[in-house]
Amino acid sequence: MSEIITGLVAEYSTTLYRVAYSVTRNAAEAEDIVQETFLRVLRHQNKLDEIRDARVWLVRITWNLALDRKRRSKTRPETEDIADMVRTLPAEEFGADDMAISSQEYGRILALIDQLPKKEREALLLSAMEELSTAEIATICSTTESSIRSRIFRARRELAVLIDKQRSGR
Amino acid sequence: MNTPRNASHNPEKKIDATLHLLGQVRPANGFEQRLCARLDQSSFHARKSFWAGTSEFFFAQRLTFAASAATLACAAMIVGSVQHSHQRTLPNTTVHLAAPGSGLGAASGTRITPQPLIAPPHGRSRSERKATGGRATVQRNAHKPAGVAVPDSAEPQKP
C-alpha cells in the first residue's frame, strides 16, 4: 500500500466512517463501507493526481456506497439497537451538562429522520458532519448551495413537526 | 442508559443535539490499524491472484498456445520460402542477363550470346522465302524428284 493511501486513511477515515454511519446506523457496515472506499482508491491510485479535493471525492464515494448498501438492505430489519448506537458515541457526549437529549430520544429522532423525503434527509445528514461546508455538501449531492440550504431548512421544519406529533401521541 | 438532564421540549434543540451527536460518532478503537491491515491484505491478494490467474491461464491453454506456435512457425517457413523463390525468378522488370560463362541462371532467363552469330557464306536461313504475289513459285532449274511435273509458267495469267 502506498504512502499516499496511508496518509488518506489517517486523515479521512474517521470522517468517512461518520458519513457511512449516518446512513447505515451500523458500525460494522460503516467500517466495511470505508474499507470499500479505500479499496476503490487503491484501484484508481494512478488517478489521484487528477483529484482536486480528496476529501470531497472520498466523501462522495463513501456516500454513494452507503446509499447503495442501504437501498439493497432496505428489506432487512435494522440489527443495531439504541444501545449499540450509543456505544459509537464518545463517552462524554451524553454526560455533558448542556445535552438536551437522552439516548432514547436520540434513537427516536434518528428514526424520524429516516421518514423524511430522500433529498431533505440526505442534506440534513450531511449537514451533521461538521467537517463539510455547504458548498462541499452541494458538490457531493451534485446540486447548488442554495438548494442544499433550502433542503436543510425544509428537513428541519418537517422533522420538528414529526417530533411534536410523536410527543403529542405519547 | 442516560436520562435527559435538560427537560426542554424544544424540537429545534433536540434536532441540533441529535445532529451534533451524529457528527461526533467515532469508530471503535484500532479502526485505522484494522483498515490499513485489510487494505494491505487486499492489495497483496490482488497481486497474488493476478499472477496466479495469469499462470493458470497459460498452463490451461498450453495446448492451444503450442498449436498456435506450430502454425505460426509453419506459416513463417512457407512465406519465407515463397518470398525467397520469387526473389530468384522475378527480381525486377528488367531483362535478366546471365553472367557469361557462369553457367548459372534460371531456365527462363534471357540469354544473349557473347559473340554475334555469323551467317553462313552459302545458303540462306530456313525462314527465307521468295514469294510473288503471295504465291509460291518453283524455279525451272530446281532439283525435283523424278516424276514431278512443273507447269510452264507459275506466274498468274494477266488479263
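Tabulated data
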quantity	calculated
Any chance A:Ile4 is under 16 Å from A:Ile140 (Cβ atoms), among the hydrophobic types (A, V, I, L, M, F, W, C) and touching a helix residue (DSSP H, G or I) at 6+ places or on another chain (Cβ under 8 Å)	no
Residue among B:Gln24, B:Gln41, B:Gln33, B:Gln87 that is within 12 Å of chain A (Cβ to nearest Cβ) and modelled with pLDDT under 85	B:Gln41
Members of segment A:139-151 found to be surrounded by 19 or more Cβ atoms within 10 Å (Cβ to Cβ) and at pLDDT 95 or above, listed by number	A:Ile148, A:Arg151
Every residue from segment A:117-147 that is within 19 Å of B:Thr18 (Cα to Cα), outside any helix (DSSP H, G or I) and under 13 Å from the mean Cα position of the chain (by Cα)	A:Ala128, A:Met129, A:Glu130, A:Glu131, A:Leu132
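Here's the yes/no breakdown for (1) more than 12 Å from chain B (Cβ to nearest Cβ); (2) at pLDDT below 90; (3) more than 20 Å from B:Leu35 (Cβ to Cβ):
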{"position": "A:Glu50", "(1), (2), (3)": "yes, yes, yes"}
{"position": "A:Trp63", "(1), (2), (3)": "yes, no, no"}
{"position": "A:Ser73", "(1), (2), (3)": "yes, yes, yes"}
{"position": "A:Met85", "(1), (2), (3)": "no, yes, yes"}
{"position": "A:Ser102", "(1), (2), (3)": "no, yes, yes"}
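The values are calculated or read from the model by the stated rules, or taken from the named source; none is laboratory data. This is a predicted model, so every value here is computed, not measured. So basically every Cβ, Gly included, is an ideal-geometry build from the backbone, and we count neighbours across all protein chains shown.
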